[in-house]
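One structure is given here, and the rest of the page talks about it.
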Amino acid sequence: MTLEELRARGESLNQALGRESYQSGAGLKAETDFAGIFEAHADVASDEAWQAARGHHMVEEWVADARIGRAVAPLDDRLHAWEAAAEIRLEGGERMPLQRAGIAIANEPDRERRLAIDRARRAVLAEPTAIRSDKLGLERDLLEALLGLPVVPARQQLSGIDLPALAAQARAFLAATHDLYFDALKERLAPELGLAPGSADRTDGAFMFRGAAFDEFFPADRLVDTAVRQCGEMGLDAHGAGRIHHDSAERERKRSRAFCAPVRVPDEVYLVIRPHGGHVDYRAFWHELGHALHFASAERALPFEHRWLGDNSVTECYAMLFEHQTVAAAWLKRYAGLTGERRSAFLRTQAFDLLAIVRRYAAKLEYELDLHRAPSLERGAGRYVELLSEATGFRYAPEDALLDLDDAFYSARYLRAWQLEAALRLQLIERFDEDWFRNPQSGPFVLELLSRGQRDDAAVVARSVLGAPLSFEALVGQCEASLS
């Protein structure tokens, strides 16, 4: 197999996986057939493919993941089937689809009912936990066989990311923002939830971050129209000249978490959202719009790996760049009509929410490193509750330890994306003013970045576009300015 043949087969495989992910996640089909797709592309996971990929970093990582993906595909199919059919049963016999549980918790003002829904949710997690454990075990064995390395150094070699160094940066971020975060948390817990520090559950956080008090400014029926209008003002097309398809319809089996599914890059991209209500929908939609515009704007002449593969820290950076438009003061005034003291209060809550999620992912990376370094998954999973609860101030549950994971240390991609996005946003403000997101001069600049696809990794983008290495410095400064 030649490299060109491998690229062609990769295009076919990724298109099939993308379409399957879209249809299942959008609730258009109850069962997935990832195993069948990988079987039809078995040559991509062959030794010949591995040899053809050698020396081509992005393709090497992808072939390794394809080998793992083929092996775990039957488990993925089982997991998707379980998630689509799973129900929880509350005390008193009330039933609820598992896919609705997260939405119900975030929208439930009654704390006892929130906790009851979560107890019912956790009670059914034994089966998916066992599936995830089997998947992690298979990945460990396959990486050892392919590279002769344990999971952490194997993933470092494949990704090119120094995971321990990033974890050290994340620990420094946690230390630098500790007092700022917990002072702000204390400020919110009592008036919003009637809780004292140390007594809050993760479900309390879900309700607090939902921000229902501001729903009137973010109506669901204006979601897509607002995105189209705002993108148009900066010279971008939210529909990508017909290449981006927005799916906001309600379906019973539709995944509760918004997602972007590229099927043919750059020609067919799906943005899928199941509205929860309020600003969380706007943030989620704009985040996925950043992904969708990135994929739909990639130069068609780029090779397979630069359109599909590479360092996902980059596409996550652009997703966050668009998401964070919706928490800019000028954006809120122009597109949501939110002004005055209520806007000031809203901006403070959103600054806190951003700090909370970055702290959560800083702890997740530390946990995932511990998990994969431990002699057994059971022993490694024991650190989950401690690390996540300490970083966020919300009590986490041990039942989620093997489910609240990002494959292949994707948490590292998120952290690098936050580093890159904070610095890029500062540059856009310096070049095009605070309302850069409606400045027609900013559109061509952003579009040029998007058109590169994933040719460069986050570190290269930081150096070439921003002239600085990746760090949390800009993000810490922004959090301090907003919350001090």
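The values are calculated or read from the model by the stated rules, or taken from the named source; none is laboratory data. The structure presented is a predicted model; accordingly, all values stated were derived computationally and were not measured. Backbone-built Cβ (ideal geometry, glycine too); neighbour counts: all protein chains shown. Accessible surface is based on the protein model in full, side chains and every heavy atom, while ligands, DNA and RNA are left aside. Shrake-Rupley method; radii C 1.70, N 1.55, O 1.52, S 1.80 Å.
Condition check ((1) at negative phi; (2) assigned to a helix (DSSP H, G or I); (3) of a type in the set (D, E, K, R); (4) surrounded by fewer than 19 Cβ atoms within 10 Å (Cβ to Cβ)) across all residues:
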site: Lys29; (1), (2), (3), (4): yes, no, yes, yes
site: Ile37; (1), (2), (3), (4): yes, yes, no, no
site: Asp43; (1), (2), (3), (4): yes, yes, yes, yes
site: Glu48; (1), (2), (3), (4): yes, yes, yes, yes
site: Gly55; (1), (2), (3), (4): no, no, no, yes
site: Val63; (1), (2), (3), (4): yes, yes, no, no
site: Ala73; (1), (2), (3), (4): yes, yes, no, no
site: His80; (1), (2), (3), (4): yes, yes, no, no
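Looking only at residues in region 244-271 that are among the aliphatic types (A, V, I, L, M) and in a strand (DSSP E or B), which one is surrounded by the fewest Cβ atoms within 10 Å (Cβ to Cβ)? Looking at the filtered set, the residue picked out is Val263. Entry remark, region 245-283: residues being of a type in the set (Val, Ile, Thr), closer than 18 Å to Ala212 by Cβ and touching an Asp or Glu at 6+ places or on another chain (Cβ under 9 Å) number 1 in total. Suppose the filter is under 22 Å from the mean Cα position of the chain (by Cα) and either open to solvent by less than 40 Å² (accessible area, probe 1.4 Å) or in contact (Cβ under 8 Å) with a residue 12 or more places away in the chain (or both); does Pro150 pass it? No, not satisfied. In region 251-261, the count of residues that are in contact (Cβ under 8 Å) with a residue 12 or more places away in the chain, touching a His at 6+ places or on another chain (Cβ under 8 Å) and within 22 Å of Glu11 (Cα to Cα) is one or more. Any residue in region 188-207 that is out of contact with any helix residue (DSSP H, G or I) (no Cβ under 9 Å at 6 or more places or on another chain), at positive phi and surrounded by fewer than 15 Cβ atoms within 10 Å (Cβ to Cβ)? Yes: region 188-207 contains one or more residues that are out of contact with any helix residue (DSSP H, G or I) (no Cβ under 9 Å at 6 or more places or on another chain), at positive phi and surrounded by fewer than 15 Cβ atoms within 10 Å (Cβ to Cβ).
Return yes when Gln454 is within 20 Å of the chain's Cα centre (by Cα), surrounded by 15 or more Cβ atoms within 10 Å (Cβ to Cβ) and closer than 24 Å to Met234 by Cα and no when it is not. Yes.
Residue pairs whose Cβ atoms lie under 7 Å apart, sitting 6 or more positions apart in sequence or on different chains, and linking a residue in region 290-309 that is farther than 21 Å from Val59 by Cα and among the hydrophobic types (A, V, I, L, M, F, W, C) to a partner that is open to solvent by 20 Å² or more (accessible area, probe 1.4 Å) and not in a loop (DSSP other than H, G, I, E, B), are Ala292/Cys260.
All conditions but one from (1) more than 16 Å from Asp404 (Cβ to Cβ); (2) open to solvent by less than 30 Å² (accessible area, probe 1.4 Å); (3) at pLDDT below 95 apply to Pro97; the one that does not is (2). Is it true that Ile88 is of a type in the set (Val, Ile, Thr) and in a helix (DSSP H, G or I)? Answer is no for this residue. Criterion first (closer than 24 Å to Val269 by Cα, among the small types (Gly, Ala, Ser) and over 26 Å from the mean Cα position of the chain (by Cα)) does Gly10 satisfy it? When the stated conditions are applied, Gly10 does not pass them. Restricting attention to region 157-168, the residues that are under 11 Å from Glu366 (Cα atoms) and within 20 Å of the chain's Cα centre (by Cα) total 3. Summed over region 223-242, residues that are closer than 13 Å to Trp286 by Cβ and part of a helix (DSSP H, G or I) total 8. Scanning region 197-217 for residues that are part of a loop (DSSP other than H, G, I, E, B) and within 19 Å of Ser389 (Cα to Cα), we see that the one that is modelled with the lowest pLDDT is Pro197. Residues that are closer than 24 Å to Leu293 by Cβ and hydrophobic (A, V, I, L, M, F, W, C) were ranked within region 334-364; the one that is most open to solvent (accessible area, probe 1.4 Å) is Ile357.
In region 272-314, the residue that is farthest from the chain's Cα centre (by Cα) out of those that are polar (S, T, N, Q) and crowded, with 24+ Cβ neighbours inside 10 Å is Ser297. The residue pairs whose first member lies in region 118-138 and is more than 20 Å from Leu371 (Cβ to Cβ), whose second member is surrounded by 15 or more Cβ atoms within 10 Å (Cβ to Cβ) and of a type in the set (Val, Ile, Thr), and whose beta carbons are closer than 7 Å, counting only pairs six or more residues apart or on different chains, are Asp118/Ile105; Asp118/Thr203; Ala120/Ile88; Arg121/Ile88; Val124/Ile88. Quickly run through region 394-446 and pick out the residues that are within 26 Å of Phe352 (Cβ to Cβ), of a type in the set (S, T, N, Q) and open to solvent by less than 20 Å² (accessible area, probe 1.4 Å). Passing the criteria: Ser411, Gln419. Might you check whether a residue that is part of a helix (DSSP H, G or I), surrounded by fewer than 23 Cβ atoms within 10 Å (Cβ to Cβ) and of a type in the set (Gly, Ala, Ser) occurs anywhere in region 316-333? Yes, the conditions are met somewhere in region 316-333. Gly380 meets the conditions (1) open to solvent by less than 10 Å² (accessible area, probe 1.4 Å); (2) closer than 29 Å to Glu216 by Cα; (3) over 22 Å from the mean Cα position of the chain (by Cα) in every case but one. The failed one is (2). Total residues in region 460-482 satisfying the condition of being closer than 20 Å to Ala167 by Cα and surrounded by fewer than 17 Cβ atoms within 10 Å (Cβ to Cβ): the figure is 6.
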